[in-house]
Amino acid sequence: MLNGQKNPSQCQMVVALNMIVGKWKPIILDHLLHGEALRFNELKKLIPDITQRMLTMHLRELEEQDILTRTVYPQVPPKVEYQITEYGMTLQPILTMMQAWGAKHIEHMKEKEQ
């Protein structure tokens, strides 16, 4: 601690990790990073093991952080679409690197077990 304050670089890392941490956020983001808007039920079908409550919670968090937009169309039944924002697209290189590292780590652990 400097002058009784937290280390700024550690705080910045925590902020970044909070945006993508967890089992579902990276998967949700991966589906939305392709650029096309997806409806709630389309996301649910793409991620069948996620609960409706968890998907709703993560979508709201990502919307609050300007990572995605939620568009409601005034029709019956209501139509709601989610789309990655331009700002949210800046996460793509990080997620791509994490995916590549994850694949290497899986291989590393397989080799270690042999």
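Observations, loosely collected:
- Selected residue [touching a Phe, Trp or Tyr at 6+ places or on another chain (Cβ under 6 Å) and basic (Lys, Arg)] from Lys79, Lys104, Lys23, Lys112: Lys79
- The set of residues in region 52-81 being under 16 Å from the mean Cα position of the chain (by Cα), within 15 Å of Asn41 (Cα to Cα) and of a type in the set (Ser, Thr, Tyr) consists of Thr56 alone.
- Filtered residues of region 57-88 (kept if part of a loop (DSSP other than H, G, I, E, B) and either surrounded by 11 or more Cβ atoms within 10 Å (Cβ to Cβ) or in contact with an Asp or Glu (Cβ under 8 Å, 6 or more places away or on another chain) (or both)): Gln65, Asp66, Ile67, Thr85, Tyr87
- Any hit, region 31-45, residues being closer than 19 Å to Met97 by Cα, assigned to a helix (DSSP H, G or I) and either of a type in the set (A, V, I, L, M) or without any contact (Cβ under 8 Å) to a residue 24 or more places away in the chain (or both): yes
No lab work stands behind these numbers, since they all come straight from the coordinates. Since we're looking at a predicted model, the values are computed, not measured. Glycine gets a Cβ as well: all are built from the backbone with ideal geometry, and neighbour counts include every protein chain shown.
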